[in-house]
Every structure is written in structure tokens, then in C-alpha cells.
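Asks: This is the structure, below, for whatever I ask next.
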Amino acid sequence: MTGSAQRPLLFLDVDGPLIPFGAPSHTYPMYPMYATGGEPYGAAANPLLTRIDPGHGARLAALPCEVVWATTWMADANECIAPRLGLPSLPVVTWPEPSDTDDQDERDGLHWKTRALVEWAAGRPFVWVDDEITEADRAWVAAHHPAAALLHRVDPRRGLTAGDYAALDSWLRRLP
């Protein structure tokens, strides 16, 4: 493998990390989508999109990894969110259909995304950025994923902060 195939993955959730729940809505007049004075795509359908800081795009692009959408937004993240961040279309995790295993995982405190992300990573190092990560997820990944993994929980009231980006960058740069 060459290029990005060897880079670690960064699985990124949207609600909480990029759309903070406790933050007021903002408008970013310097952001290109607002240059014509119109609303960016999707803002009327989902007013929470105005909470997204377009500066996240440059910060994510600067990380030494391949960013992958790991969100219930699925492909809509590429249509509604990537353009707001100035990012290209990104790979998207497709979630499996619910199963009996999900019921047991829920009882055990395991997040419904955990198994799918480990499978998607296919042995590659990864970071998972989400606001719902628990110790049960960390323990399960440590026991079932052969490569390095950082499960980074974001405060959903604030979303991704400079401190979060520093922690992600530091961890990614320490990988062999």
C-alpha cells in the first residue's frame, strides 16, 4: 500500500464534535458560502448547521490521517458538512443493519458504532472522535483491534476545541 492507504484513520462523528449542543448559532461572513449573502446548503432544513465552525476543515486537514465520516449523517455529511468545512468528499462508514448482537452490546454498555468501526479499520491504527464514547468501548477496542486506537471523547456542549486537536495531533504523530 502507498499514500493515504497507510495513514491512520480518523473516524469523525458530526453531532457533538462538529455541531456542539451547547453553543449558540453563528454566522461566518468570511466563509465563501456566505459570499453571495444566501444561506448555505441545508441551513433551512437543519438550523443547527450554523453552529459548525468552518475552521474545523483546516484543522482536520492538517492532521496526519485519513478522515472518515462515522456519523448517522452518512453520505449527507459530504453534501451538507464537507462544503462548510472546505473539505473534499470523504469516505463514509456504512452502518450495518441492527442485529441481536446490538441488544447485548447495549446491555454491556458498548456503543452501537464500536464493532463497525473496528471492522472498517481492518487492522489499521485509528482515532474515533465522538461524544458518546465510554470505557466499555475503549476496553472492547483494546481487546479486539490489533493496531493502536485512540477513542477520543468530545464534550458535546463545546464540540472540538484547540485542546482536542492538540491531543489528536500528538497521538497521531507518535504512531510508528
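Asks: Scan 114, 94 and give me the residue that is of a type outside the set (Asp, Glu) and within 22 Å of residue 164 (Cβ to Cβ).
Replies: Every option except 114 fails the conditions.
Asks: Which ones in the stretch 81-131 are farther than 22 Å from residue 153 by Cα and outside any helix (DSSP H, G or I)?
Replies: Matches in the stretch 81-131: 86, 87, 88, 89, 96, 97, 98, 99.
Asks: Another one. Quick check on the stretch 148-161. Is at least one of its residues among the small types (Gly, Ala, Ser), over 22 Å from residue 21 (Cβ atoms), in a loop (DSSP other than H, G, I, E, B) and in contact with a Leu (Cβ under 9 Å, 6 or more places away or on another chain)?
Replies: Taking every residue of the stretch 148-161 in turn, at least one turns out to be among the small types (Gly, Ala, Ser), over 22 Å from residue 21 (Cβ atoms), in a loop (DSSP other than H, G, I, E, B) and in contact with a Leu (Cβ under 9 Å, 6 or more places away or on another chain).
Asks: For residues that are farther than 15 Å from residue 67 by Cα and of a type in the set (A, V, I, L, M, F, W, C), scanning just the stretch 148-160, find the one that is surrounded by the fewest Cβ atoms within 10 Å (Cβ to Cβ).
Replies: 148
Asks: Taking residue 44, is it modelled with pLDDT under 95 and of a type in the set (A, V, I, L, M)? If you could, list the steps in order and put the result at the bottom.
Replies: Numbers: modelled with pLDDT under 95: yes; of a type in the set (A, V, I, L, M): yes.
Answer is yes for this residue.
Asks: To continue, here is another question. Do we find that residue 105 is touching a His at 6+ places or on another chain (Cβ under 9 Å), surrounded by 16 or more Cβ atoms within 10 Å (Cβ to Cβ), more than 28 Å from residue 169 (Cβ to Cβ) and of a type outside the set (Lys, Arg) in this structure?
Replies: yes
Asks: Got a number for residues in the stretch 132-147 being aliphatic (A, V, I, L, M), more than 19 Å from residue 64 (Cβ to Cβ) and part of a loop (DSSP other than H, G, I, E, B)? Outline the logic, then answer.
Replies: At the first step, the residues of the stretch 132-147 found to be aliphatic (A, V, I, L, M) are 133, 136, 139, 141-143, 147.
Now restrict to residues that are more than 19 Å from residue 64 (Cβ to Cβ): 133, 136, 139, 141-143.
Right, trim to part of a loop (DSSP other than H, G, I, E, B) and you get 133.
Residues flagged as aliphatic (A, V, I, L, M), more than 19 Å from residue 64 (Cβ to Cβ) and part of a loop (DSSP other than H, G, I, E, B) within the stretch 132-147 amount to 1.
The values are calculated or read from the model by the stated rules, or taken from the named source; none is laboratory data. Keep in mind the model is a prediction, meaning the values are calculated, not measured. Don't worry about glycine lacking a Cβ; one is built from the backbone with ideal geometry, like all the others, and counts go over all protein chains shown.
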